[in-house]
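FYI, it's all coordinate maths here, none of it is from the lab. Computed from a predicted model, the values in this text were never measured in an experiment. Reconstructed Cβ throughout: ideal geometry from the backbone, glycine too, with neighbour counts over all protein chains shown.
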């Protein structure tokens, strides 16, 4: 029996991992996008990812991710091996989703023309991101991955967000200045769940400058 249809937005760090999980574990979920007429009709807030099941609907990133992983036999260790690991995984998922992705939107959208440009606004968002990156670095000084010595859903979701930053503002030199992040990043993108979509990724050679985007 089909588990339903998931609606994703291409390029969204909040949605990318859903596609990887569904494809890698061969879950019976149809993958669609925001152009599907049923999307706006079923989800008037138009937030992705969003899942329409046989007799239910789900929106909000973490809810959708948790449900998808519940369909994977024994979760494949994606939430670690203990109750504490599970809580720590959710902590990092939440931190990445609400702090990092939100700050990336504030930094990137004005640079690529998706929001009105403000140099001060972009500068502040980049400053905020550096403070968040320091939180990850502190953890990676203590453990190989975000939750102990094994990759969890927290790493897989967070690396998708770092990919987005590395396409625009976190260039090669930025990664050299953050060696713990660089080593973790290169390791996680080779995980079997995401290697097909991320394995060959390289950070942008030079960051997009903080100037108004060129009009087409």
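Out of every Cα-Cα pair that the chain contains, those further apart than 28 angstrom amount to 30 percent. Put in line by how crowded their Cβ is, counting other Cβ atoms within 10 Å and starting with the fewest, 92, 174 read 174, 92.
Going from the residue with the fewest nearby Cβ atoms within 10 Å to the one with the most, 112, 105 rank 112, 105. Subtracting the Cα-Cα distance of residue 204 and residue 187 from 0.36 nm times their residue separation leaves 4.3 nm of extension gain.
With the simple model of a label 7 Å out from the Cα in the direction of the Cβ, residue 10 to residue 46 spans 1.8 nm. Calculated mean residue ellipticity at 222 nm for the chain: -14000 deg cm²/dmol, from DSSP H runs with n ≥ 4 weighted as -39500 (n - 2.57), summed, divided by the residue count and rounded to 500. Among 26, 81, sorting on how many other beta-carbon atoms sit within 10 Å of each Cβ, with the fewest leading, yields 26, 81.
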